[in-house]
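The values are calculated or read from the model by the stated rules, or taken from the named source; none is laboratory data. The structure presented is a predicted model; accordingly, all values stated were derived computationally and were not measured. Methodologically, a virtual Cβ is constructed for each residue, glycine included, from the backbone with ideal geometry; neighbour enumeration extends over all protein chains shown.
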Amino acid sequence: MQQTKNKSNDQSISNSATLDAAALVTGPCLMALAHLARRGDLVCSQIADANGILVVINCMRIVQHPTVLAQACRTLSTLSLLPQNRQQIANRKGINILVRLLAASQLSPIPGDHFLSAEFNGMQVNESIQEAALAAFTNLTNSSEPNRQLVAELGGIEHIVSCILFARHGGPVRNAAQAIANVAYGSHFSVARCIMARADVAICSAIGATDFLDEDRLLEAAYRALANMALDEAAQTGLASGDAMTWCVRGLQKCGYVHVLRAAAHATAAIAYKSRANKAQFAQLGALAACVRVVSEFGCGSLAHTRHYLSAVHATSLAACTLLSFSPNHLVFEDCYGIEMYTTLCETTEHLEILNVGAMVLASVAPTASGRWEAQAEGRTLHFEKTAGLRALVRCEKWVFSNSSSPHWLHQAISALQMSPIQLDEVQAAHQSSSGKLSAHDLELFPQEYLFEEVLALTTLDHIVTNSPDLRNLAFRLY
């Protein structure tokens, strides 16, 4: 009996030593592959042609050492930067093994999924492995609808959401939010699974626990995920029922990072797009005042200053534009001096992109011919007519569309503002003899696709590889 026990212990020690030896060999090799893959698309393609993807996946199955698994996930993440490698990794069951890896994590207990983690039974999946695996998920689902659906069908979304909830450090949470953003991008099926898994609740919880002055990349990923999830009316309703709108407004109010402001503005616009109820709720939460704050602080000033914040001001103006397509919000915009702010922006900016989107905001709030006629009949002067809004719109028409015809929304706004009292009476008379409205403010002035965006996770490599082409070629031949 004692002899059998000793033999069993010796065998266990031997197996452990074998695994340690395998880890000692495969770890540096996987690290070298990751460095080589960062050399460019050609090297990524060569590694795939040399059956390197299958080798990496087999290493994950056989050498179940935490350091090796983390490095293998980083290598897969780097190899999947090349679009044609993503489907090959999926065909080699790479996505399956990544899902099982997250299922084995003690930080993501999903009831009923214990059978998924049998392959990694008894091994603690730490946050380093989680962070690397989530980066691989992000890159594998970039521009790949089949991979998005595969992740959703395998239950990967639930495990990614669980990582957001239970991870103790920012790295896994950031990568998990990026993975949700890519999985949800343009996929109604995946968005529905994300809403069912309460991904929005987990993301809002992560935003609430984040320092707005420090964790900028995590916040950007979180807001990008919220924006991409607002793909259809059902998803918008689900997001509005939680705290997503509150945190979007909070981001616009508090943050000063360009990329965070841009993502928060896109999320605001995406949730409000073509949803009157959400537009009204955003206005009550102070979204329009927050948009004016961003334009006031970052849209006006020196050319270098405004160039740095160009993308943030552009995205914020898109959010203001879609909120103002709901006419009851116009009074809120007037109260926070939004018309004056955007008039100044359009009259002073040297950036054509900002001039264009600023004019969209002014056109959204500009009075229609019917509105001007009603004010004239009542002896009122509209607030917009007291500002230089018309001059700002004309500047946009001359600068942005000097070599092309101006869009319908701009032409319509300028025409309505330039009408004389006699012309307004004639238009109103023609309107009364026909049915229907003169114009409507409920149309969106830009396509919804402007608000959605995919991301790529650039894996941080452990060491600096040599720049010598001879040594690089030698390492490739050795592999």
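Taking E385 as the residue in question, decide whether it is without any contact (Cβ under 8 Å) to a residue 40 or more places away in the chain and in a helix (DSSP H, G or I).
Working: without any contact (Cβ under 8 Å) to a residue 40 or more places away in the chain: yes; in a helix (DSSP H, G or I): yes.
It is true that E385 is without any contact (Cβ under 8 Å) to a residue 40 or more places away in the chain and in a helix (DSSP H, G or I).
Just to confirm my filter: which helices (runs of 4 or more DSSP H) fall fully inside segment 247-329 and include at least 3 residues that are under 21 Å from A363 (Cβ atoms)? Let's see the steps before the verdict.
Values: elements: 258-272, 276-285, 287-298, 303-308, 310-324.
Counting at least 3 such residues, we get 258-272, 276-285, 287-298, 310-324.
Checked against (1) surrounded by fewer than 22 Cβ atoms within 10 Å (Cβ to Cβ); (2) over 25 Å from R276 (Cα atoms), A177 passes all but a single condition, namely (1). Of the helices (runs of 4 or more DSSP H) contained entirely in segment 27-99, those carrying at least 3 residues that are within 20 Å of C163 (Cα to Cα) fall at 66-79. Criterion applied to A192, A181 was being among the small types (G, A, S) and either closer than 21 Å to G251 by Cβ or in contact with a Ser or Thr (Cβ under 6 Å, 6 or more places away or on another chain) (or both), and the one residue passing it is A181.
Would you pick out the residues in segment 334-344 that are farther than 22 Å from R395 by Cα and touching a residue at least 40 places away in the same chain (Cβ under 8 Å)? Answer for segment 334-344, where residues must be farther than 22 Å from R395 by Cα and touching a residue at least 40 places away in the same chain (Cβ under 8 Å): just C336.
Between A240, A264, A235, the distinction of being modelled with pLDDT of 95 or more, buried (at least 24 other Cβ atoms within 10 Å of the Cβ) and within 19 Å of L451 (Cα to Cα) belongs to A264 only.
In the condition set (1) in contact with a helix residue (DSSP H, G or I) (Cβ under 9 Å, 6 or more places away or on another chain); (2) β-branched (V, I, T); (3) over 18 Å from F282 (Cα atoms), V332 is compliant with all but (3).
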